[in-house]
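Asks: First, the structure itself, so that you have it in front of you.
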Amino acid sequence: MSSKGLIPSQGLIVQRLSLLRAATPSRLAIAAILAIAPLPALGAEFEAASRIDAVTVFPDGASVTRRFVVDLPAGEHTLIVNELPVAADPGSLRVAGAGEGRLTVGSVDARQPRVTERPDPERLRRLETLRDERLSLDDRISAERVRKRAAEALTAPGTLSAGERGLNVGEARLAMAAALEETLAADRAIREAERRQRALDREIAEVEAGLRAQPPRRLEARVAVEASAPFRGELTLTYSVRGARWSPAYDARLSTSGPKPALELVRRAEVTQQTGEDWSDVALTVSTVRVARGGSAPRLGSLIVRFDEPRGGVGGGAMLESRTEPSPRALAAPAPITAQDQALRRGRVQEAEAEVDMSGFQASFAIPGRSSVASGDGSRALRIGSSAIEPELVSRAVPSVDPTAYLEAQFRHAGDVPLMAGRIAVYRDGIFAGRHQLAAATRDDLVTVGFGPDDLVRIEHQILRRTDGSSGIISTSKTEEHTFRMAVRNGARSARRVVIEDRIPVSEVQDITVEPLSGMTPPTARDVRNRRGIVEWSFDLPAGGFNEIRHGWRLRWPSDRQIRPVQGRS
């Protein structure tokens, strides 16, 4: 830390000297006492060398904490903390800390330093490197010129005629050849160094122009403080940035080799940041708090009913117009590790997991040890928790679309921390089985994780009947019938829980009716998961077992009308 402005102003010193010259003996004594007494410290600016110590990452931002040591005399001063990223929110700057003495913080603000005041440090370092390289080339040129002069001295008349009889012809030729070789080599080295110097001069000019023209890419925080007495201590500066986030990711590892299926659900946080500053060796925490969604629910507008004004002069119906904003999505987060999880992983290589702090409305995961996340360097996945689950296995199929059965693991979420929606990588008996999305879930919600095709369950789908006809003596209505057959066979050595999904038409017009057919297999559930017209048959199928499902319906509508083809709607 450096300081300036602590010496009394020259005007004050000159004023005291004038008083001493004009003073009487008594006044001289008073002036001497005043001169000996210490002057109060005037306002000074202190540049604080700070480092990033802790970072809390949110799903839509981050909070960065820098630490720095101060040693201040009594008085009012300004602390300057450099190297803040441009992405820092000036309104979020907060200062805290402790030390020996009392320090009062008056104001905290941030600004971009003037170009001439605090140039871009990276460009300055580049400029220094280029200039140093050019100076080294000057030294190289000087050395090559000395080499050239030494070679020329070999062919000087005094050298050729040295001694009583001078050099003979052979010796003279060798001396001239050596001199020529050294001279040519020195000339080549000098030309290459001068060529490199010209390229350096152009690059130096570009860097200097950039320093003059480019605005600074950093902010500096200016903290106004007042110390009633000398103060020494450690302070923290905290600020928010928007160019950072974390998203949940999961690993689901299903094991079916034991007497009961076992599922290990690993929770990870994928942290990315493009704030313009690297987080090196910091205490990293991820939190479920969403800081960019605002503090209040959206304002709901009125629902207005009015007549639609037709464009072609034909009367129209009423129209509803709603002015509103979308509601925020539900908050969710992964569940903590349990004692059972620790026991299951004992005796093998483990990944470090975060320490969970769950409050009433949020969860924070403190990553153990120190972490580093570079700016703009992709994402980093950190393990924040895991849990051991005993799932129920289900072989689910939609034969009308695909006769393949798919293995699913289902369980009720039992953690205090909700599961956030995110990508999940699934492994079945140690083999990677794909990736998909995991839906958000809170306590006691049913969670379903798919693990790919179950080739041991075979399903056949057949269309038995599709007819068009009419009913009534005078044909007052038309009909259309559909009948299907689905055969399910379990080829596994263990029983399977099988779920078959299909659908029946849904009428949105009063004159169109959907009638069940006799002899069909009644479904176990209707309107599955609040999807209209979706039916489901759920049953246990023993090893080698077989089951058959018959499904069908009849459509009826007035004979003088035409219906559109039956269309699926999700």
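The values are calculated or read from the model by the stated rules, or taken from the named source; none is laboratory data. Bear in mind the structure is a predicted one, so any value in this text is a computation, not a measurement. Neighbour counts run over all protein chains shown; Cβ positions are idealised from the backbone, glycine included.
Asks: Just need a number here: residues in the stretch 530-557 that are out of contact with any His (no Cβ under 9 Å at 6 or more places or on another chain) and not in a loop (DSSP other than H, G, I, E, B). Before you say what the answer is, go through the steps one by one.
Replies: If we filter the stretch 530-557 for residues that are out of contact with any His (no Cβ under 9 Å at 6 or more places or on another chain), which is where we start, we get 530-534, 536, 538-550, 556-557.
Checking which are not in a loop (DSSP other than H, G, I, E, B) leaves us with 530, 534, 536, 538-541, 546-550, 556-557.
Number of matching residues: 14.
Asks: Just give me the residues in the stretch 383-403 being out of contact with any Asp or Glu (no Cβ under 8 Å at 6 or more places or on another chain) and part of a strand (DSSP E or B), in sequence order. Walk me through it before giving the result.
Replies: Initially, the stretch 383-403 is screened for residues out of contact with any Asp or Glu (no Cβ under 8 Å at 6 or more places or on another chain), giving 390-392, 401-402.
Correct list: Glu392, Asp402.
Asks: Output the residues belonging to the stretch 246-302 that are among the hydroxyl-bearing types (Ser, Thr, Tyr) and more than 21 Å from Ala425 (Cβ to Cβ). First the steps, then the outcome.
Replies: Let us first name the residues in the stretch 246-302 that are among the hydroxyl-bearing types (Ser, Thr, Tyr), namely 247, 250, 255-257, 272, 275, 280, 285, 287-288, 296, 302.
Selection gives Thr275, Ser280, Thr285, Ser287, Thr288, Ser296, Ser302.
Asks: Is it the case that some residue within the stretch 69-90 is at pLDDT 90 or above, of a type outside the set (A, V, I, L, M), in contact with a Pro (Cβ under 7 Å, 6 or more places away or on another chain) and farther than 30 Å from Thr275 by Cα?
Replies: Yes: the stretch 69-90 contains one or more residues that are at pLDDT 90 or above, of a type outside the set (A, V, I, L, M), in contact with a Pro (Cβ under 7 Å, 6 or more places away or on another chain) and farther than 30 Å from Thr275 by Cα.
Matching residues to (1) modelled with pLDDT of 90 or more; (2) under 44 Å from the mean Cα position of the chain (by Cα); (3) not basic (Lys, Arg):
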residue: Thr442; (1), (2), (3): yes, yes, yes
residue: Val447; (1), (2), (3): yes, yes, yes
residue: Thr476; (1), (2), (3): no, no, yes
residue: Arg493; (1), (2), (3): no, no, no
residue: Arg503; (1), (2), (3): yes, yes, no
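Asks: Would you list the strands (runs of 3 or more DSSP E) that sit entirely within the stretch 181-295 and hold 2 or more residues that are more than 30 Å from Gln362 (Cβ to Cβ), modelled with pLDDT under 90 and of a type outside the set (Phe, Trp, Tyr)? Walk me through it before giving the result.
Replies: Working: elements: 218-227, 231-241, 244-255, 262-273, 279-287.
Because the criterion is at least 2 residues that are more than 30 Å from Gln362 (Cβ to Cβ), modelled with pLDDT under 90 and of a type outside the set (Phe, Trp, Tyr), the strands (runs of 3 or more DSSP E) in the stretch 181-295 that meet it are 218-227.
Asks: Now a separate question. Given (1) surrounded by 13 or more Cβ atoms within 10 Å (Cβ to Cβ); (2) at pLDDT 85 or above, where does Pro119 come up short, assuming only one miss?
Replies: Single failed check for Pro119: (2).
Asks: Okay, next question. Just checking, which of Thr524, Thr476 is under 28 Å from Val394 (Cβ atoms) and surrounded by fewer than 14 Cβ atoms within 10 Å (Cβ to Cβ)?
Replies: On the way: Thr476 fails: under 28 Å from Val394 (Cβ atoms).
Step by step, each of Thr524, Thr476 is checked, and only Thr524 is under 28 Å from Val394 (Cβ atoms) and surrounded by fewer than 14 Cβ atoms within 10 Å (Cβ to Cβ).
Asks: What are the pairs with Cβ atoms under 8 angstrom where one residue, in the stretch 296-307, is surrounded by 10 or more Cβ atoms within 10 Å (Cβ to Cβ) and the other, located anywhere, is part of a loop (DSSP other than H, G, I, E, B) and of a type in the set (Lys, Arg)? Sequence gap at least six, or different chains.
Replies: From residues that are surrounded by 10 or more Cβ atoms within 10 Å (Cβ to Cβ), the pairs are Gly301/Arg323; Ile304/Arg323.
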